[in-house]
Amino acid sequence: MNIDDIVKTLDGTLVAGGDSDRTVGSVVANDLMSDVLLNDGEDMLLLTSLASDQAIRTANIVGAMCVVVHNAKPLPQTMCQVADTLGIPLISSPLSKYDSCVRIHDFLESEKK
Amino acid sequence: MADGYSPKILTGGESKSDDEILAAHDKVNRVSGPGLPGTDDSPLVIMELLQRLRVRDVMRGHDIIAVSRADTMKRAQHLMKLNNISGVPVVEGRRLFGIISVNDIIKALEGGWIDDTCQQHMSTNLVVLEADMPLAFAIKFFQNYTFGRFPVLDKERNLVGIVAQRDVTRVLMHELTNEIAKLEGKATTAPTEKAKSEGTLPYYSMRQFVVVRNDLSTAGKAANEIKKMLKDAGIDNKIVRRVAVAAYELEINICIHSLGGSITFILDTEKATVIAKDRGPGIKDVEWACQDGTSTANDWIRSMGFGAGMGLANSKRVADIFDIQSKIPSGTTVMCEFILAKKA
């Protein structure tokens, strides 16, 4: 699952950070950044409702491959700037985190087959 | 001027007795606290310099140009002209009695008493510095008073030097240049390609980052920089991530729980060290604070994605060596060390 697949699956829009050819290695859905930092997964896809710079900085610390912000939350300009600076793709999705999890799960399962 | 040779130190009333001079002198030691330069959010290097350097480090202590009480004002004028200075102390032995400034000379020329003795017309309303005071005091004095120079006394009230504004500037610039050179020198000592390929890291690197209280817009920058430094040094990705997590958690902790502080990162051939130091208020129960899920965070902090009470616990979990020291109200220092394994 690459950035393009994520955008299509979650009805999202790539708003900052640029494209990348990395693929999803693990998925974390969380709004508490300390919880996110606890995860050891590589190439993390971070699903969150936290629309702040810290979501991007946290993603960078754990080497996440992409951040998705849900419920079509307005994204602060600084958040997009940080995403651009750190080169982390930032996607805005109208879905809830739960719906995103379901769709991502279905996509990854279908990939296995 | 009945007995013009007894100086009033600071501006402590009209009395000129030695006891009162001593008492006034003691006041100098008690000038402290709010408003001193370097005690706000100035860069740490400057703050530390202002506290570390003493008045004795900047004063001119040798060959003090001075006059005695019996010397004429004309001699004082001559000395000032000859040495290009704007004031001379009036001393007997090492005891300070007064000061003759340019203003006193101008008044003497206008009033026609340039041939009178210094004792008759010297300024006795003196403000003095002590040699052991931090430089911050001297700078504050220059801000608060219009004098261009201050006599410096030792604990026995002997004159040991003179400080002019340019002395402070000269020494401060010199020390700052040294500090910057030190920081840059260490930060730019990058590993060579050969060292990287051999898996050895024969270098030492240190950087310090200021963390501002409640400024979540910049919190995390230090951790990101540290991560970049480690990656550039070719450190194993898993270790990079552990160090970055600790640095990030500690940086956020300083930002949201303390009055502000710094993150210092040291990287050498054997280990990476993150030291988080804040200026207070300190932690009441350190053991409790290091447990998972314990937090004193408010709703604002939680709304920003933090305050789950995982910060210290997470840092402890990822570090090879973890140490925390906290004192109320002076602050908390956390140190995390990471042993660098050779890259496979």
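Read the figures in this text as sums done on the coordinates, not as results from a lab. Keep in mind that this is a model prediction, so the values were computed, not measured. Positions of Cβ are backbone-derived with ideal geometry, glycine not excepted, and every protein chain shown enters the neighbour counts.
Neighbour counts of C-beta atoms inside 10 Å place B:E48, B:E249 in the sequence B:E48, B:E249, starting with the fewest. Cβ-to-Cβ counts within 10 Å put B:C336, B:C118 in ascending order as B:C336, B:C118, the fewest first. With q set to 0.18 Å⁻¹, the log10 of I(q)/I(0) for chain A, from the Debye formula over equal scatterers at the Cα positions, is -0.79. For segment A:28-37, 3J(HN,Hα) computed residue by residue from phi via the Karplus equation (6.51, -1.76, 1.60; θ = phi - 60°) reads 10, 10, 6, 10, 9, 5, 5, 5, 4, 5 Hz, glycine and proline entered as x. Relative to the dominant Cα principal axis of chain A, helix A:97-112 is inclined by about 50°. The modelled label-to-label distance between B:H78 and B:K228, using points 7 Å beyond Cα along the C-beta direction, is 6.4 nm.
Multiplying the residue separation of B:D115 and B:R94 by 0.36 nm and subtracting their alpha-carbon distance yields 5.1 nm. Counting every other Cβ atom within 10 Å of each residue's Cβ, B:D232, B:D278 order from fewest to most as B:D232, B:D278.
Using the structure shown, select from B:K107/B:K140; A:K113/B:K231; B:K221/B:K327 the pairs with a Cα to Cα distance greater than 31 angstrom.
A:K113/B:K231
Couplings 3J(HN,Hα) of segment A:75-81, computed from phi: 9, x, 4, 5, 4, 5, 5 Hz, in residue order, whole Hz [Karplus 6.51 cos²θ - 1.76 cosθ + 1.60, θ = phi - 60°; x for Gly and Pro]. The 3J(HN,Hα) values that the Karplus relation (6.51, -1.76, 1.60; θ = phi - 60°) gives for segment B:207-222 are, in residue order, 9, 10, 10, 8, 10, 9, 4, 6, 9, 6, 5, 10, 4, x, 5, 4 Hz. Gly and Pro appear as x. In terms of overall dimensions, the C-alpha atoms belonging to segment B:189-339 reach 50, 29, 25 Å along their principal axes, ordered largest to smallest.
Residues whose amide H comes within less than 5 Å of that of A:S26, counting only those at least five positions distant or on another chain, are A:M44, A:L45 (H built at 1.01 Å from N in the peptide plane).
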